[in-house]
Amino acid sequence: MWHIICYDISDDRRRTRVARLLDDVGDRIQFSVFEVRLPAEAISHLVDRLEQEIDLQTDVVSCFAICEACRDRARTCGTGSPLTEELVWIV
């Protein structure tokens, strides 16, 4: 399932750690917004890891599930990149 994950983190070190974690699993579509496609169990694990990286009293990380139909209707205007296609990893 696709997810949009965004954050508002004031501390540079915490923000960098969160961005690196999200860079490993998704695509940055704006400075603090990532598109991620992972199964539900993996998203749950990712959110647990994000909670360990942030200050729960001052930081915000939001994760929004996006259905295929909604994702197919997404539009990008201006200089932004369109949402990416599914990546396939062959091991």
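The values are calculated or read from the model by the stated rules, or taken from the named source; none is laboratory data. Keep in mind the model is a prediction, meaning the values are calculated, not measured. Reconstructed Cβ throughout: ideal geometry from the backbone, glycine too, with neighbour counts over all protein chains shown.
Close Cβ contacts (under 6 Å, 6 or more residues apart or on different chains) running from residues in the range 22-34 that are among the aliphatic types (A, V, I, L, M) to residues that are surrounded by fewer than 17 Cβ atoms within 10 Å (Cβ to Cβ) comprise VAL33/CYS6. Within the range 31-48, the set of residues being within 18 Å of GLU68 (Cβ to Cβ), among the β-branched types (Val, Ile, Thr) and more than 9 Å from the chain's Cα centre (by Cα) comprises just one member, ILE43. I'd like the residue in the range 48-75 that is among the β-branched types (Val, Ile, Thr) and at pLDDT 95 or above and, out of all such residues, is nearest to VAL25 (Cα to Cα). By that ranking, first place goes to VAL61. In the range 62-89, the residues that are polar (S, T, N, Q) reach residues that are modelled with pLDDT under 80 and part of a loop (DSSP other than H, G, I, E, B) with C-beta atoms within less than 9 angstrom, at least six apart or across chains, in these pairs: THR76/PRO82; THR76/LEU83.
Please verify whether GLU53 is surrounded by 14 or more Cβ atoms within 10 Å (Cβ to Cβ), out of contact with any strand residue (DSSP E or B) (no Cβ under 8 Å at 6 or more places or on another chain) and closer than 23 Å to ILE9 by Cα, treating the condition exactly as stated. It is true that GLU53 is surrounded by 14 or more Cβ atoms within 10 Å (Cβ to Cβ), out of contact with any strand residue (DSSP E or B) (no Cβ under 8 Å at 6 or more places or on another chain) and closer than 23 Å to ILE9 by Cα.
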